[in-house]
Amino acid sequence: MWRRILIGLGVVGLATVAVVGSRFARFVRTETVKIDDHFYVVLGGGGNTAILIGDDGVLVVDTKFLRPGHQLAALIKSLTDKPVKVIINTHYHQDHTHGNPNYAHGADVIAQRRTRDHLIELDKDFWEVEPAWSMLPADLLDDEKQLQFGDETIRILHPGRGHTDGDVVVYFSKRRILHTGDLFLHAMYPFIDLKGGGSAREWPATLDKVLAIGDVAQYIPGHGPLSSRDDVLRFQGYLRSLASQVQMQVSAGKSLRDTEAAVDVHAWDDFQGTPFFTSRAKNIEWVYKEMTAK
């Protein structure tokens, strides 16, 4: 009997490893989507990347992990011989920033002011040495910045706290495309980075400001496929329901275990987590920690 049980557990373990491995493979695999001759989106390999090819250079939004970032840099070279002149980091996490050193010093690296602070304080082992140090964001904004690049008018906006306290979104006005960074994920459980100033309580209102950006035809999420406004609204609905339900349990003096049992977000059962990192249970725990923090 015990032999059969152990063999059964082994099969379950292998199956679990296979599922986790498949999800992780999807997370790191890249796919290039051509919008037009001057605009590309590279999905996966870390955070999703937008590439805009201008008259004399290239603008990149989010540079991925370091190694997939090598592949991204090679892809850009295959598309154009123009140098990368502008990098925009939507927030400080390494799957959106560690590819910065793959580009030549002198590029204009743009981010929200707190993003630079978090890179230096929370990821200092990577950024305090060259070549990373010279590719830290130095062109910093508080609320909004606008620039002309190639054929585009680009608006960079910090709509408020959510994933972190330094997230920006990037709007390509001519193409009506909005890169949201990790303020929006397509059908995925988010990381609520409390250490980085993130807030589940404030995130839905921040997304109200994102959704108020008019005339957006297509959304580039931080992770997942190109998306619609309805996808953003559904993600916002999940966050709003999660935060309000956890707050109700906290107000009633319930424990984390009681809260986990009481919260009902089955309407979003199709959402997926990132292996070893995000899940529905972790979302409830992070929101509970925020709601009970002094």
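Whether any residue in segment 133-152 is touching a residue at least 24 places away in the same chain (Cβ under 8 Å), at positive phi and either surrounded by fewer than 22 Cβ atoms within 10 Å (Cβ to Cβ) or acidic (Asp, Glu) (or both) is what I want to check.
For segment 133-152, residues touching a residue at least 24 places away in the same chain (Cβ under 8 Å), at positive phi and either surrounded by fewer than 22 Cβ atoms within 10 Å (Cβ to Cβ) or acidic (Asp, Glu) (or both): present.
In segment 222-245, is there at least one residue being of a type in the set (Lys, Arg), surrounded by 15 or more Cβ atoms within 10 Å (Cβ to Cβ) and more than 18 Å from residue 272 (Cα to Cα)?
Within segment 222-245 (the criterion being of a type in the set (Lys, Arg), surrounded by 15 or more Cβ atoms within 10 Å (Cβ to Cβ) and more than 18 Å from residue 272 (Cα to Cα)), the answer is no, since none of the residues qualifies.
Filter segment 30-60 down to the residues that are surrounded by fewer than 18 Cβ atoms within 10 Å (Cβ to Cβ) and touching a helix residue (DSSP H, G or I) at 6+ places or on another chain (Cβ under 9 Å), then identify the one that is modelled with the highest pLDDT.
Among residues in segment 30-60 that are surrounded by fewer than 18 Cβ atoms within 10 Å (Cβ to Cβ) and touching a helix residue (DSSP H, G or I) at 6+ places or on another chain (Cβ under 9 Å), the one modelled with the highest pLDDT is 32.
Of the residues 117, 95, 108, 81, which single one is closer than 19 Å to residue 154 by Cβ and either at pLDDT below 95 or charged (D, E, K, R) (or both)?
108
Search segment 80-111 for residues being polar (S, T, N, Q) and within 26 Å of residue 198 (Cβ to Cβ), and hand back the single one that is surrounded by the fewest Cβ atoms within 10 Å (Cβ to Cβ). Outline the logic, then answer.
Just the residues of segment 80-111 that are polar (S, T, N, Q), to begin with: 80, 89-90, 94, 97, 100, 102.
Filter once more, keeping what is within 26 Å of residue 198 (Cβ to Cβ): 89-90, 94, 97, 100.
Numbers: 89: 28, 90: 31, 94: 17, 97: 33, 100: 27.
Among those that are polar (S, T, N, Q) and within 26 Å of residue 198 (Cβ to Cβ), it is 94.
Those residues that are in a loop (DSSP other than H, G, I, E, B) and among the hydrophobic types (A, V, I, L, M, F, W, C), I need them from segment 120-152; list them, please. If you could, list the steps in order and put the result at the bottom.
Of segment 120-152, the ones in a loop (DSSP other than H, G, I, E, B) are 123, 128-132, 136-138, 142-143, 150-151.
Result: 129, 132, 136, 138.
Across segment 61-79, what is the total count of residues that are part of a loop (DSSP other than H, G, I, E, B) and either among the basic types (Lys, Arg) or buried (at least 24 other Cβ atoms within 10 Å of the Cβ) (or both)?
3
Among the residues of segment 181-227, write down those that are assigned to a helix (DSSP H, G or I) and touching a Phe, Trp or Tyr at 6+ places or on another chain (Cβ under 9 Å).
Of everything in segment 181-227, those that are assigned to a helix (DSSP H, G or I) and touching a Phe, Trp or Tyr at 6+ places or on another chain (Cβ under 9 Å) turn out to be 207, 210.
How many residues are in contact with a Pro (Cβ under 9 Å, 6 or more places away or on another chain), touching a residue at least 24 places away in the same chain (Cβ under 8 Å) and farther than 21 Å from residue 264 by Cα when one looks only at segment 209-250?
5
It is to be established whether one or more residues within segment 80-96 are free of Cβ contacts under 8 Å to residues at least 60 places away in the same chain, assigned to a helix (DSSP H, G or I) and farther than 21 Å from residue 37 by Cβ.
Within segment 80-96, one or more residues are free of Cβ contacts under 8 Å to residues at least 60 places away in the same chain, assigned to a helix (DSSP H, G or I) and farther than 21 Å from residue 37 by Cβ.
Based on this model, can you work out whether residue 281 counts as in contact with an Asp or Glu (Cβ under 8 Å, 6 or more places away or on another chain), surrounded by fewer than 18 Cβ atoms within 10 Å (Cβ to Cβ) and either modelled with pLDDT of 95 or more or farther than 21 Å from residue 208 by Cα (or both)?
It is true that residue 281 is in contact with an Asp or Glu (Cβ under 8 Å, 6 or more places away or on another chain), surrounded by fewer than 18 Cβ atoms within 10 Å (Cβ to Cβ) and either modelled with pLDDT of 95 or more or farther than 21 Å from residue 208 by Cα (or both).
Being in contact with a Leu (Cβ under 7 Å, 6 or more places away or on another chain), aliphatic (A, V, I, L, M) and in a helix (DSSP H, G or I) is true for just one of 287, 246. Which residue is that? Spell out the reasoning first.
Numbers: 246 fails: in contact with a Leu (Cβ under 7 Å, 6 or more places away or on another chain).
Sole residue among the options that is in contact with a Leu (Cβ under 7 Å, 6 or more places away or on another chain), aliphatic (A, V, I, L, M) and in a helix (DSSP H, G or I): 287.
Filter segment 153-175 for residues that are of a type in the set (D, E, K, R), assigned to a loop (DSSP other than H, G, I, E, B) and touching a strand residue (DSSP E or B) at 6+ places or on another chain (Cβ under 7 Å); which is surrounded by the most Cβ atoms within 10 Å (Cβ to Cβ)?
Looking at the filtered set, the residue picked out is 167.
Return the residue satisfying two criteria in turn: it lies in segment 176-188 and is surrounded by 24 or more Cβ atoms within 10 Å (Cβ to Cβ) and in contact with a strand residue (DSSP E or B) (Cβ under 6 Å, 6 or more places away or on another chain), and of such residues it is nearest to residue 44 (Cα to Cα).
In this case the residue turns out to be 185.
If residue 276 satisfies all but one of (1) free of Cβ contacts under 8 Å to residues at least 60 places away in the same chain; (2) surrounded by fewer than 14 Cβ atoms within 10 Å (Cβ to Cβ); (3) in a loop (DSSP other than H, G, I, E, B), what's the number of the condition it fails?
Unmet condition: (1).
Out of (1) over 20 Å from residue 178 (Cα atoms); (2) part of a loop (DSSP other than H, G, I, E, B), what's the single condition that is false for residue 117?
Residue 117 satisfies every listed condition except (2).
The values are calculated or read from the model by the stated rules, or taken from the named source; none is laboratory data. Bear in mind that the values here come from a model prediction, so they are computed numbers and not experimental data. For neighbour counting, all protein chains shown are included, and Cβ atoms are generated from backbone atoms with ideal geometry for every residue, glycine included.
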